[in-house]
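Only the coordinates and a few stated rules stand behind these numbers; no lab work does. All values reported here derive from a predicted model rather than from experimental measurement. Here the Cβ is made from the backbone with ideal geometry for all residues, glycine too, and neighbour counts use every protein chain on show.
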Amino acid sequence: MLRVEIHDASNATWLLVEGRFVGVFAEETRTMVTRCKLKTKLVVDLSEMTFVDGVGEEVLLWLGLIGAQFVGNSSYALDVCQRLHLPILRRRGYRRRQLPQPASATLEPCK
C-alpha cells in the first residue's frame, strides 16, 4: 500500500511518501507531480517509505533530475538516497514525527 501527500509550504512543495513505492503507484506519483503546480523547491520526504522497487527507483531518480531534494530520517530512506545518489536536504534538528516520551522514564548513568 502507498500513500502520497502533497503539501504546499511557504517556500516549497513537500511530497510525503508512506509505504511501498512500487510499480503503477510510483508511476501515478510521477503523473501527479507533473500535473501539480509546484513551488520553486520540491522536497520529497521518504521517512515513512518501507520499500522501493525498480520502477520506484526510476521515479525517485526522475524527481532528482527535476530538482527535488530528499529528506529521510529512517536508515532505509537514507540508504536509498545514498545508493541512488539523490540530493539529501540537510536540515538541522529535522524530525518529521516526534515520539511521545514516557512520563515515568528516568535515565540513570550505568555503574
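Listed values, structure above:
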quantity	calculated
Relative intensity, log₁₀ I(q)/I(0), of segment 2-83 from a Debye sum that treats every alpha carbon as a point, q = 0.27 Å⁻¹	-1.58
Per DSSP, loop trypsin sites (Lys or Arg not before Pro) in segment 1-74 with at most 16 further Cβ within 10 Å	Lys37, Lys39, Lys41
